[in-house]
Amino acid sequence: DEVNNRLTGIYGAVQDITDHKRVNTELRQRADEVSLLYRLSLALAGGQNLYMTLRGFVQELKNVMVVDAFHIGLYDAETDIFNYPLFLNLDEDFQPPPRKLRENPGLTWEVISTRKTLYLPDVTNPETQLKYKIVVVVEAPIRSYIGIPLILQERVIGIMSVQSIQKNAYTQNQIRLLETLAAQAAITIEK
């Protein structure tokens with residue numbers, strides 16, 4: 001009010017940028033995932049030590065999602081022997097002994113026999129424990145489990161497993177990313 005020299009009101013506009021921020025976050029995450037896939041494919045194609053390549057990859061994967069445990073396990077259907085060339089649990093390297101899957105199947109056999117990705121948001125859930133005979137290879141407070149079959153020329157050669165101590169730790173987009181990574185890893189392992 002110029003006569004009384006005082007403020008009589010405020011005009012303004014508000015813009016909700018929530019959707020814009022969400023889209024930017026999703027685009028940044030996709031870019032990080034594509035970059036991760038690219039770097040992994042270069043490393044795997046480079047013919048370097050597969051163990052060291054995958055171990056380094058796990059560190060990069062942690063930038064995109066929660067990874068408290070990461071395992072690559074290989075299965076020989078003729079001998080029924082399953083072994084872990086890479087077994088990282090809470091940043092520690094382990095070398096669990098090989099086992100016969102039909103004698104001690106667990107979640108690994110579920111993934112191999114169904115040839116499908118298995119995501120369990122909470123392995124401590126009593127219904128989940130009743131449905132799957134979970135084999136504890138190394139004691140750890142794991143809650144979320146993803147097991148992805150490593151398939152090559154219509155045969156399952158093993159699994160890739162990513163796990164978290166958090167319940168409901170993974171999204172469908174993260175699972176799809178891991179399935180793509182598992183396909184690349186299967187080809188490289190066979191080579």
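In order along region 73-78, phi translates into HN-Hα couplings of x, 10, 10, 9, 5, 5 Hz, rounded to whole numbers, per the Karplus curve 6.51 cos²θ - 1.76 cosθ + 1.60 with θ = phi - 60° and x for Gly and Pro.
In the context of the full set of protein chains, residues of the chain present 62 Å² of accessible surface per residue (probe radius 1.4 Å, heavy atoms only). One equal scatterer on each Cα of region 66-146, no solvent, Debye formula: the resulting log10 I(q)/I(0) at q = 0.12, 0.23 Å⁻¹ is -0.34, -1.32.
I need the fraction of alpha carbon pairs in the chain separated by more than 26 Å, rounded to a whole percent. Present the calculation step by step, with values, prior to reporting the outcome.
Details: 6966 of 18145 pairs.
Tail fraction, whole percent: 38.
Where does region 83-191 land on the Kirkwood hydrodynamic radius, alpha-carbon pairs, in angstrom? Provide the component values of the computation, followed by the final result.
On the way: mean 1/r = 0.0690 Å⁻¹.
Evaluated over region 83-191, this radius sits at 14.5 Å.
Annotated for region 100-191: lysine pairs at least 8 residues apart or interchain, Cα distance under 24 Å, count 9. Mean sequence separation of contacting Cα pairs (under 8 Å, at least six apart), scaled by the length of the chain, corresponds to a relative contact order of 19 percent.
Working from label points 7 Å from Cα in the Cα-to-Cβ sense, the ILE175 to ILE81 distance is 3.3 nm.
If you filter region 58-119 for trypsin sites (Lys or Arg not before Pro), then keep DSSP loop positions with at most 15 other Cβ within 10 Å, what is left? Don't skip to the end; give the middle numbers.
On the way: sites: LYS62, ARG99, LYS100, ARG102, ARG115, LYS116; in loops: LYS62, ARG102, ARG115, LYS116.
The qualifying sites are LYS62, ARG102, ARG115, LYS116.
Evaluating 6.51 cos²θ - 1.76 cosθ + 1.60 at θ = phi - 60° for every residue in region 156-164, the Karplus couplings come out as 8, 9, x, 9, 10, 10, 10, 9, 9 Hz, glycine and proline recorded as x.
The values are calculated or read from the model by the stated rules, or taken from the named source; none is laboratory data. Only a predicted model underlies this, so the values are computations on that prediction, with no experimental measurement involved. For neighbour counting, all protein chains shown are included, and Cβ atoms are generated from backbone atoms with ideal geometry for every residue, glycine included. Calculation scope for accessible area: heavy atoms of the full protein, side chains included, ligands and nucleic acids excluded. Shrake-Rupley method; radii C 1.70, N 1.55, O 1.52, S 1.80 Å.
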